[in-house]
Amino acid sequence: MKSFFPLPSSLSRFKANPKAIFIILSGLIAVWMLWISRDYGITWDEWSHALNGTFSLRYLLGDVKDLSLLNQLSPQLFCDPLYMATGFVYGLLHGSVLDFARQGLTQASNFEGFFAAAHLFNAFAGFLAILFCVDNFH
């Protein structure tokens, strides 16, 4: 079969390994996604998701007695694991997980760091979604 784009004879012997190319491109995409996540601001719906996540973290830590807050928060619970993980790691790095879960985002000092960490977690989760959606190379 004739090639649509004939290669010079020196390049025709080169056999690209698709798995190696995929791994290299995936690594570059991961670095790029993590890099650009630093420049995002807080989106219109991110605040309610962050409140849900920190409330859920407090609940799992056994610090919630009154569940009336659930009536005020966004009913979209699909972001809870991401923001719970962010709150857990942010709390570990900044003193205590329980203290962060109690104070949550009521402390102005927590805003920038928490949402920057959430954007990194979100970019990494997005990269993993891309990575696992691609068909395996054999």
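The values are calculated or read from the model by the stated rules, or taken from the named source; none is laboratory data. It should be emphasised that the depicted structure is a prediction, and the values quoted were computed from it without experimental measurement. All Cβ positions, glycine included, derive from the backbone under ideal geometry; neighbour counts span all protein chains shown.
Here's a check for you: in region 90-104, which residue that is buried (at least 16 other Cβ atoms within 10 Å of the Cβ) and of a type in the set (A, V, I, L, M) is farthest from Gly41 (Cα to Cα)?
Of everything passing the filter in region 90-104, Val97 is farthest from Gly41 (Cα to Cα).
In the set Ala108, Ala117, which member is surrounded by fewer than 15 Cβ atoms within 10 Å (Cβ to Cβ), within 26 Å of Ile36 (Cβ to Cβ) and free of Cβ contacts under 8 Å to residues at least 40 places away in the same chain?
Only one candidate passes the filter, namely Ala108.
Taking region 27-72, which residues are at pLDDT 80 or above, surrounded by fewer than 14 Cβ atoms within 10 Å (Cβ to Cβ) and hydroxyl-bearing (Ser, Thr, Tyr)?
Passing the criteria: only Thr43.
Using the structure shown, decide if Phe132 is of a type in the set (Phe, Trp, Tyr), under 30 Å from Pro18 (Cα atoms), modelled with pLDDT of 80 or more and surrounded by 17 or more Cβ atoms within 10 Å (Cβ to Cβ). Break it down stepwise before answering.
Numbers: of a type in the set (Phe, Trp, Tyr): yes; under 30 Å from Pro18 (Cα atoms): yes; modelled with pLDDT of 80 or more: yes; surrounded by 17 or more Cβ atoms within 10 Å (Cβ to Cβ): no.
Here the answer is no, as Phe132 does not meet what is asked.
Any idea how many residues of region 15-41 are of a type in the set (D, E, K, R), in a helix (DSSP H, G or I) and more than 17 Å from the chain's Cα centre (by Cα)? Spell out how you get there, then give the answer.
Start the filter on region 15-41 by keeping residues that are of a type in the set (D, E, K, R), which leaves 15, 19, 38-39.
Next cut, in a helix (DSSP H, G or I) only: 19, 38-39.
Going one step further and asking which of them are more than 17 Å from the chain's Cα centre (by Cα), we end up with 19.
Residues flagged as of a type in the set (D, E, K, R), in a helix (DSSP H, G or I) and more than 17 Å from the chain's Cα centre (by Cα) within region 15-41 amount to 1.
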